[in-house]
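The values are calculated or read from the model by the stated rules, or taken from the named source; none is laboratory data. As the structure is a computational prediction, the values presented were derived from the model and not from experiment. Here the Cβ positions follow ideal geometry from the backbone for every residue, glycine too, while neighbour counts run over all protein chains shown.
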Amino acid sequence: MTAVIDLDHVSVTRGGRLVLDDVSLTLAAGERLALIGANGAGKSTLLRTIVGLEKASGTVAVLGERCSSEADFRHIRGRVAYLFQDPDDQLFCPTVMEDVIFGPLNQGLRRQEALALGHALLRDLGLFHLADRVTHHLSGGEKRLVSLAAILAMRPQVLLLDEPTNTLDESHLGIMLDILSRQSAAMIVVSHDLPILQRLTERAVILRDGHLTAGALHRHPQWIDQVHLHDLR
Amino acid sequence: MSAGLGIPVVHSRHSPIERLSGRTRVLVTLVIIVFVTVAYRPLVLGAALCGVFLLVLAARFHWADLRGRLMHVEGFLLVLLLLLPFSVPGQPLLALGPFTATEEGVLRALTVVIKVNICVLTALAMLGSMDPVRFAEAAESLGLPPKFARLVQFTIRYVSVFGAESTRLMESMRARGFRPRSNLHTWRTYGTLAGMLLLRSLERARRVEEAMRCRGFTGRMPASAAQSAGGFDLVFGSAFACAMLALLVIEFAT
């Protein structure tokens, strides 16, 4: 199967500290991967590296293209969508609809086309009632769902989800899981919630202090048993 | 658009002003403010005030919102109206102990009050219901440098977020027993608060910029079709130009 993400011996240093240490990882098209690890293990850094927000050594190939410069990553962004951990960082437009169409407009769609896409998407996700709401007046759960809608509007091939279900109540969690399980895009999901990861993903890798302990968990039917409690704190 | 600005806006129901393009609205506002700044004839200022009242009517404000907004300005102007007559030399009009109000002072105060009201009402009528994206796009299309337009747009968008963040930090301080007093601890705490706000703002700005880049932002906001002027802009613009020409003739040519 074609690899949509291929990291080869990638390391990231920040403030003299090795945040990612010689990480190699492959994600196939349509595959769903759980990324587990303790706080500060480097999970978000790994996702940020894939979209070019971190300077890294090693080889980063995304959607078959080797990316090293900002221009390279600019080319793949949108096709690889990154859901930020804090929805307040993601939503910056005055209204929900403006935020949802921001990505499609950057992809070159005309405003009317982007609006039509935004309307259809919000309707499909059951969020149409939020279309004219002011983004920073939304509840925490609504902000998360709208953030997800904003990245799905770019029709990505890969989703990088940084703790997408954090702080969601039962109702919003149900909507979020329903939306995510309907996606055909490949995805990497960072979460501390094992039942949710079990439901959404097929395999898992663990980050410990910047090291990826992959392989052992690949394709393991009972991978969840091998996750140490330490990794979830 | 309902309420796009990050700050509380004056709500206007679907109004003729809303049908104008953003460019026309910003341009008309600028022209009126510049003209009123240089105009001095009472007749011209009176006529301009009447014209602006028409704009306010056309904007179909909720009067309660408008009154709330104007209260801040009028309070300041009331102080000006009371003090200025006593501080401008001229023909004595009224003596209160050692203080004398003059005709010139009263005239000056009234002129300032009328000018400020024209400017404020114009800005509220023309721009009050515009969201920051439209406003920045309109200003950019009128020649404002793109970087400055982004700065305006994000300042408007994030001013309330900044306020909310400072409120949260203040509440966190109060929850741990902080009571402001006039002592070194208080000033040091306020210094820490200001520093923390600055740091958090910088961090947030960096993350927002990254999120925008992840969605294809390359430094320019995507163009909006909503900016193109239509027939209604032409009709409004023509009427406005005629009115301005008449006022200019009265002010400078008579």
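Has region B:199-214 got any residue that is surrounded by fewer than 17 Cβ atoms within 10 Å (Cβ to Cβ) and either over 30 Å from A:G52 (Cα atoms) or touching a strand residue (DSSP E or B) at 6+ places or on another chain (Cβ under 8 Å) (or both)? No, there is no match, as no residue in region B:199-214 is surrounded by fewer than 17 Cβ atoms within 10 Å (Cβ to Cβ) and either over 30 Å from A:G52 (Cα atoms) or touching a strand residue (DSSP E or B) at 6+ places or on another chain (Cβ under 8 Å) (or both). Of the candidates B:G46, B:G51, the single residue that is more than 14 Å from chain A (Cβ to nearest Cβ), over 16 Å from B:A125 (Cβ atoms) and at pLDDT 90 or above is B:G46.
Is there a residue being in the same structural domain as A:V189 (by TED's automatic domain parsing), in contact (Cβ under 8 Å) with a residue 24 or more places away in the chain, surrounded by fewer than 18 Cβ atoms within 10 Å (Cβ to Cβ) and closer than 23 Å to A:T167 by Cβ anywhere in region A:40-54? Among the residues of region A:40-54, not one is in the same structural domain as A:V189 (by TED's automatic domain parsing), in contact (Cβ under 8 Å) with a residue 24 or more places away in the chain, surrounded by fewer than 18 Cβ atoms within 10 Å (Cβ to Cβ) and closer than 23 Å to A:T167 by Cβ, which makes the answer no. Farther than 18 Å from B:R215 by Cβ, within 14 Å of another protein chain (Cβ to nearest Cβ) and surrounded by fewer than 20 Cβ atoms within 10 Å (Cβ to Cβ): does that describe A:H119? The answer is no for A:H119. The single condition among (1) in a loop (DSSP other than H, G, I, E, B); (2) more than 30 Å from B:L20 (Cβ to Cβ); (3) modelled with pLDDT of 85 or more; (4) not polar (S, T, N, Q) that B:L193 does not meet is (1).
Tell me, which strands (runs of 3 or more DSSP E) wholly within region A:46-156 include 1 or more residues that are aliphatic (A, V, I, L, M)? Let's see the steps before the verdict.
Values: elements: A:57-62, A:65-67, A:80-83.
The strands (runs of 3 or more DSSP E) meeting that bar are A:57-62, A:80-83.
Has region B:166-177 got any residue that is in contact (Cβ under 8 Å) with a residue 40 or more places away in the chain, within 14 Å of another protein chain (Cβ to nearest Cβ) and not small (G, A, S)? Reasoning before the result, please.
Just the residues of region B:166-177 that are in contact (Cβ under 8 Å) with a residue 40 or more places away in the chain, to begin with: none.
Within region B:166-177, none of the residues are in contact (Cβ under 8 Å) with a residue 40 or more places away in the chain, within 14 Å of another protein chain (Cβ to nearest Cβ) and not small (G, A, S).
Counting the residues of region A:168-185 that are touching a residue at least 40 places away in the same chain (Cβ under 8 Å) and in contact with a Pro (Cβ under 9 Å, 6 or more places away or on another chain) gives 1.
Scan B:G191, B:G216, B:G230, B:G237 and give me the residue that is more than 14 Å from every other protein chain (Cβ to nearest Cβ) and free of Cβ contacts under 8 Å to residues at least 24 places away in the same chain. Break it down stepwise before answering.
Details: B:G216 fails: more than 14 Å from every other protein chain (Cβ to nearest Cβ); B:G230 fails: free of Cβ contacts under 8 Å to residues at least 24 places away in the same chain; B:G237 fails: free of Cβ contacts under 8 Å to residues at least 24 places away in the same chain.
Just a single option satisfies the conditions, and that option is B:G191.
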